[in-house]
Number of protein chains: 2
Amino acid sequence: MRVLVVEDDQFHASYLQDVIAEALPEVTETIHASDGFTGQEEARAGAIDAIVMDLQMDRRNGVEAARTIWAERPGTRILFWSNYADEAYLRGVSAIVPPASAYGYVLKTATRARLKLALRTVLVEGQIVVDREVHRLQRKGPGASGALNESEYAVLLDLALGLQDRQIAERRGMSLRTLQNRLGSLYEKLGVEDSHEGRPLNKRVKALERAVVMRTVNVETLEAAQREYDAWVTTCADAKR
Amino acid sequence: MRVLVVEDDQFHASYLQDVIAEALPEVTETIHASDGFTGQEEARAGAIDAIVMDLQMDRRNGVEAARTIWAERPGTRILFWSNYADEAYLRGVSAIVPPASAYGYVLKTATRARLKLALRTVLVEGQIVVDREVHRLQRKGPGASGALNESEYAVLLDLALGLQDRQIAERRGMSLRTLQNRLGSLYEKLGVEDSHEGRPLNKRVKALERAVVMRTVNVETLEAAQREYDAWVTTCADAKR
DNA sequence: AATCCGCTTGCGGGAACCCGCAAGTTTTTT
DNA sequence: AAAAAACTTGCGGGTTCCCGCAAGCGGATT
C-alpha cells in the first residue's frame, strides 16, 4: 500500500509520515507533495489510492485537488487534515465525494491517537470519519436553528458576491418575493436580528458578517463563488445571442 | 538574554526554539507559552524583553497579547510569526507598537535563513522588519489606488458589523452625508464598481466581500470590532443617564 | 373528501441606500 | 495673501431593501 501526503508545511508533513509509519504497517511507501497541483500529479502518476491532504495550501487548495483526483480515480480514499473546523471546507468536501469512496476530516489539533485511528478507519477500512468538532457546525449555528439547506447556501453565496435581489432571483430561477422569503429565513438561521441593543442594522451586510465569523463561508469559498458567477454570466450572455 | 516563544503548535514551537538557539547565542533561556494568556503572564513574571509570537492562537490572539505586554513594558521587542500575509494583522500590530520598541512580521513560509536574520535584527538590534510579502498589502489594493486611512478603516469595520449609515455617522461623529462620502471613497478604494458585467450589485455587501477576500479584514478583526462596538454601546447608554 | 401546512407569488409601502448638486469651511498651494 | 484643492453638510430624488397581507398551489394528515 502506498500513501500520498499532500501538505505544504514541512513539519506537519514529516509528523504525518511518522504517524503513518506507526499506524499503518502495511504501507510500503509514502510520497510527499507540497501543494495541490503536484499532489494531483503524484496521485495520477503513482496510481495512489490513499491520500492524506491538507486543506489550506497556497498553490491549489485541498478541495480542488481532491475534485480532480476523484474525477480520475473515484475510489481514492482521502483523509483531509485541516487547521480549522470550517463548515465551508466540509461542505465543499462532502459535495464532491464520490459514493464509491471514503473520506475523513480530522483537525490538526487532534491527538496522535485519534489521528492514527482516523488513518486506519479511512485509508484501510474505507469508512467515513468526521471530527466531532467539525460535525457540530453541520447542525448547529449559534444563532437560531439548524444548518442551511442547499438553496439557502446558494443564495448566501450570491448575496455575498454583492448581487441584488433581482439578480439572485433571476440566477436561481425564482420570483423576487420568493427570494426575499429565502433571505428572511437565511437571516433567521444566521442569527441576524433587525436591531442590536436597540440600534437598527443592515441585515444584508450583517448576514455576510455572521457567515464569515461563523465560518459558513471563507475566502476560498467566496473566490470560487465569484468564478462560478462569472462563468454563469458569460454563458448567459452567449445564450442571448 | 531570555526569549519567550508564544506559539500553540508544538512543532513550530520546537522549530523556533531550535532556530533561536542557532541564531542567537546570547540567549541564555527560552521559555515557551502555548497561548496568548499564558504568554502575557510569562512575559510579566519573567521580565522578558524579547518575544517571538504566533498571531493566530485559540485562547487569545497575538495582537491582543502584545497590546497587554506593551502596555506593561513598552520596550519589549516582539517578532510576530504568522501563517498568513494578512493586512488586518499588520494593521493591528502597527497600530499598537510603542515608539520605544521594535517589532517584526515574518511569515512561516520564510526560509530558515530569513527567520534567523529577522530574529537578530528585531530582538537584538531593535530594528523593524516586515516581510515584503506582507508589506505589499499595505500599499496596493487590486482595485484602485492605495491603502485605506484610519477613518476609512474605522468606517469599514462599522459597515462590516452591519451598522446603518445613521449609526456609523453617530458613532464616528460626522454628518450623514459626510459618512456617505466616506463610503463612496471606501467603495472606490476597495474596487467596488456599481455593476459587474452589466449587472448591478449591492455595493455595501460587495465592499465587505472585497475586504474579506483581500484580507483587509478577517474573522478576528470582525470579532474584535464587535466587542468594541458592544462596549461603546454600553458606555453610550450609561452616558445618557 | 376535507383540512392543514408549507411554499410561492404579487402588491404596496415605509425605511434605507446612493448620488448629484450646491453652498460653506478648512487645508494646501502658489 | 490670494487662489486652488479638498472636505463637510444639507436637500432632493430615484432605486433598492424588507416586510405585512392575501391569494394560489401541492403534498400530507385525519
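The values are calculated or read from the model by the stated rules, or taken from the named source; none is laboratory data. Because the structure is predicted, anything quoted here is derived from the model rather than measured. Virtual Cβ from ideal backbone geometry, glycine too; neighbours counted across all protein chains shown. For the accessible areas, the whole protein counts, side chains as well, though only heavy atoms, and no ligand, DNA or RNA atoms are used. Shrake-Rupley method; radii C 1.70, N 1.55, O 1.52, S 1.80 Å.
By its C-alpha gyration tensor, with a ≥ b ≥ c as the square roots of the eigenvalues, how is the range B:2-139 shaped: rounded for a/c under 1.5, else prolate for a/b larger than b/c, else oblate? List each step's numbers first, then the result.
On the way: a/c = 1.26, a/b = 1.09, b/c = 1.16.
It is rounded, given that a/c, with a ≥ b ≥ c, falls under 1.5.
Relative to the longest principal axis of chain B, what angle (0 to 90°, nearest 10) does the C-alpha long axis of helix B:176-189 take? It is inclined by approximately 60 degrees. Using heavy atoms of the protein chains and a probe of 1.4 Å, the accessible area assigned to A:R204 is about 30 Å².
Normalise the Debye intensity by I(0) for chain A, one equal point scatterer per Cα, no solvent, then take log10 at q = 0.09 Å⁻¹ and round to two decimals. Ignoring solvent entirely, the Cα scatterers give -0.45.
Evaluated with a Cβ-only charge set (Lys, Arg +1; Asp, Glu -1), the protein assembly as shown carries a dipole of roughly 1480 debye about its Cα centre, given to the nearest 20.
Sorted largest first by accessible area at a 1.4 angstrom probe radius, with every protein chain in place, the residues B:L117, B:L157 fall in the order B:L117, B:L157. Inter-copy label distances at B:R59, shortest first and taken from points set 7 Å along Cα to Cβ: 3.8 nm. Classify the protein assembly as shown as rounded, prolate or oblate, taking a ≥ b ≥ c as the square roots of the eigenvalues of its Cα gyration tensor: rounded when a/c is under 1.5, otherwise prolate if a/b is larger than b/c and oblate if not. It comes out oblate by the Cα gyration axes.
Whenever you get a sec, compute what percent of the accessible area on chain B sits on carbon and sulfur atoms (1.4 Å probe). If you can, show how the numbers build up before the last one.
Values: 5160 of 10740 Å².
Here it works out to 48 percent.
Sorted from closest to farthest, the other copies place their A:A100 label points 6.8 nm away, with each point set 7 Å from Cα along Cα→Cβ.
Of the residues A:D18, A:D165, A:D86, the one that moves most in a GNM of chain A with alpha-carbon contacts below 10 Å is A:D18. Among beta bridges from DSSP that stay inside the protein assembly as shown, the antiparallel ones total about 15%.
Taking only protein heavy atoms into account and a 1.4 Å probe, give the accessible area per residue of the range B:150-239 in Å². Before the final figure, lay out each step's value.
Working: 3780 Å² over 90 residues.
Result: 42 Å² of accessible area for each residue.
Need one number: % antiparallel among DSSP beta bridges in chain B, to the nearest 5. Show your work: numbers first, answer last.
Numbers: 2 of 22 bridges.
Antiparallel: roughly 10 percent of the beta bridges in chain B.
Pop the C-beta distance of A:M1 and B:R132 into the FRET formula with R0 = 35 Å and round what comes out to the nearest 0.05. Please list the in-between numbers first.
Numbers: r = 43 Å, r/R0 = 1.23.
For A:M1 and B:R132, the calculated efficiency is 0.20.
Residues of the range A:154-184 losing 50 Å² or more of accessible area relative to the isolated chain, 1.4 Å probe, heavy atoms only? In the range A:154-184, residues shielded by partner chains: A:G162, A:Q164, A:Q167. The distance separating the Cα centre of the range A:177-199 from that of the range B:146-196 comes to 22 Å. Highest GNM mean-square fluctuation, chain B, Cα pairs closer than 10 Å: which of B:Y105, B:Y89, B:Y15? Of B:Y105, B:Y89, B:Y15, the most mobile in the Gaussian network model is B:Y15.
What FRET efficiency, computed as 1/(1 + (r/R0)^6) with R0 = 30 Å and r the Cβ-Cβ distance, is obtained for A:E170 and A:A100, rounded to the nearest 0.05? Mind dumping the intermediate values first?
Details: r = 37 Å, r/R0 = 1.22.
Once rounded, the FRET efficiency stands at 0.25.
Each of B:F11, A:F37 has its accessible area taken with a 1.4 Å probe; listed largest first, they run A:F37, B:F11. Net charge in the neighbourhood of B:E22 (other residues with Cβ under 14 Å of its Cβ; Lys, Arg +1, Asp, Glu -1) is +2. Over the range B:2-139, accessible surface divided per residue gives 43 Å², non-protein components excluded, 1.4 Å probe.
Counting helices only, and only those DSSP H runs with n ≥ 4, report the 222 nm mean residue ellipticity of chain B as the sum of -39,500 (n - 2.57) divided by its residues, in deg cm²/dmol to the nearest 500.
Computed ellipticity for chain B at 222 nm equals -16000 deg cm²/dmol.
Sequence-distant contacts, meaning Cα pairs under 8 Å at least 6 residues apart, place the relative contact order of the range A:150-239 at 27 percent. Among the protein heavy atoms, those of B:W232 account for about 60 Å² of accessible surface (1.4 Å probe, every chain in place). Over the range B:2-139, Cα pairs under 8 Å with separation of 6+ residues give a relative contact order of 22 percent. With label points set 7 Å from Cα along Cα→Cβ, the inter-copy distances at B:R172 are 3.1 nm, sorted shortest first. Projecting the Cα atoms of B:Y229, B:I168, B:A207 onto the charge dipole of the range B:149-238 (Cβ charges, centred on the Cα centre) puts B:A207 farthest toward the positive pole. The length gained by stretching the chain between B:D238 and B:T121 to full extension, at 0.36 nm per residue less their Cα-Cα distance, is 37.4 nm.
Inter-part distance, the range B:40-90 to the range A:28-86, computed on C-alpha centroids, equals 35 Å. Rounded to the nearest 10 degrees, the inclination of helix A:203-213 to the longest alpha-carbon principal axis of chain A is 10 degrees. Here the chain A residue lying nearest the rotation axis onto B, judged by its C-beta and given with the distance in whole angstrom, is A:F11, 2.
Dipole size of the range B:150-239 about its Cα centre, with +1 on Lys/Arg Cβ and -1 on Asp/Glu Cβ: approximately 260 debye, rounded to the nearest 20. Rounded to the nearest 20, the Cβ-based charge dipole of the range A:62-114 about its Cα centre (Lys and Arg +1, Asp and Glu -1) stands at 240 debye.
What percent does the relative contact order of chain A come to when contacts are Cα pairs within less than 8 Å and at least six residues apart? Before the final figure, lay out each step's value.
Values: 337 pairs, mean separation 33.0, N = 241.
This gives 14 percent for chain A.
Seen against the Cα atoms of chain A and their longest principal axis, helix A:150-160 is set at about 70 degrees. In this view, the solvent-accessible surface of A:H32, computed with a 1.4 Å probe and all protein chains in place, comes to about 80 Å². Ordering A:M214, A:M1, B:M53 by accessible surface, largest first, gives A:M1, A:M214, B:M53; the 1.4 Å probe counts only protein heavy atoms, with every chain in place.
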